[in-house]
Amino acid sequence: MSIIRTVEQEHIKHLSEFIIKGKDPATTKVNLDEVKDNFLSRVGSFDIGDLVKVAVKIVEGKRERIQFFEGYVISFRGHGITKTFKVRKIAFSVGVERTFPMYSPNIDSIEVIRKGRVRRAKLFYLRERSGKKANIVERINYKKANAKAKK
């Protein structure tokens with residue numbers, strides 16, 4: 001087994017303590033699929049171009065609070081347990097990007113506000129755009145629209 005695989009298995013075991021509730025991680029064999037399923041049931045699925053609201057747990061001394069970061073998902077990177085996604089927002093006319101680990105226990109929830117219709121895997125071209133040009137068109141479910149039109 002390669003060093004990368006052993007490190008990834010250790011990450012999975014460590015994250016399973018936080019993500020998988022009600023099971024003893026010492027006696028339970030945990031695989032990446034189980035971690036993904038639990039994460040998706042807790043968070044939901046989202047894609048490139050979606051407007052999301054990420055709730056991040058922030059620890060300040062003994063207190064813990066939740067901070068929200070709302071913006072467009074502009075990229076996914078990596079695979080396996082080290083997969084990350086990047087969210088971009090405009091704050092006081094300055095672009096702010098933040099990278100989140102996909103399976104982090106510090107992510108409380110991810111709420112999809114709006115689905116975006118894009119034709120690229122990476123939306124780095126939004127960095128040069130401002131104002132209305134930086135908006136992403138909302139994806140419309142055409143099957144539902146056609147069904148209503150026929151009735």
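The values are calculated or read from the model by the stated rules, or taken from the named source; none is laboratory data. What you see is a predicted model, and the numbers here were worked out from it, not measured in a lab. Cβ atoms come from the backbone with ideal geometry, glycine included; neighbour counts cover every protein chain shown. Ligands, DNA and RNA are excluded from the accessible area calculation, which covers all protein heavy atoms including side chains. Shrake-Rupley method; radii C 1.70, N 1.55, O 1.52, S 1.80 Å.
Things worth noting here:
- Here Ser41, Ser45 are screened, and the one residue that is within 21 Å of the chain's Cα centre (by Cα) and at pLDDT 70 or above is Ser45.
- When residues in region 109-121 are screened for being under 12 Å from the mean Cα position of the chain (by Cα) and open to solvent by less than 70 Å² (accessible area, probe 1.4 Å), 3 of them pass.
- Restricting attention to region 122-136, the residues that are modelled with pLDDT of 85 or more and either of a type in the set (Val, Ile, Thr) or exposed (fewer than 10 other Cβ atoms within 10 Å of the Cβ) (or both) add up to 2.
- Checking the stated criteria, Ile19 turns out not to satisfy the condition of being buried (at least 17 other Cβ atoms within 10 Å of the Cβ) and modelled with pLDDT of 85 or more.
- Residues (assigned to a strand (DSSP E or B) and either aliphatic (A, V, I, L, M) or open to solvent by 80 Å² or more (accessible area, probe 1.4 Å) (or both)) located in region 59-69: Val59, Glu60, Arg63, Glu64, Arg65, Ile66, Phe68
- Test: residue in region 86-98 that is within 11 Å of the chain's Cα centre (by Cα) and farther than 19 Å from Arg129 by Cβ: no
- Whichever residue in region 96-108 is part of a strand (DSSP E or B) and open to solvent by 40 Å² or more (accessible area, probe 1.4 Å) and, among such residues, is farthest from Phe69 (Cα to Cα): Pro101
- Residue in region 44-55 that is part of a strand (DSSP E or B), surrounded by 14 or more Cβ atoms within 10 Å (Cβ to Cβ) and of a type in the set (Phe, Trp, Tyr) present: no
- Summed over region 109-142, the residues that are outside any loop (DSSP other than H, G, I, E, B) and touching a residue at least 60 places away in the same chain (Cβ under 8 Å) give a count of 7.
- Candidate set: region 72-95, residues that are of a type in the set (Val, Ile, Thr) and surrounded by 17 or more Cβ atoms within 10 Å (Cβ to Cβ); chosen: the one farthest from Gly116 (Cα to Cα): Ile81
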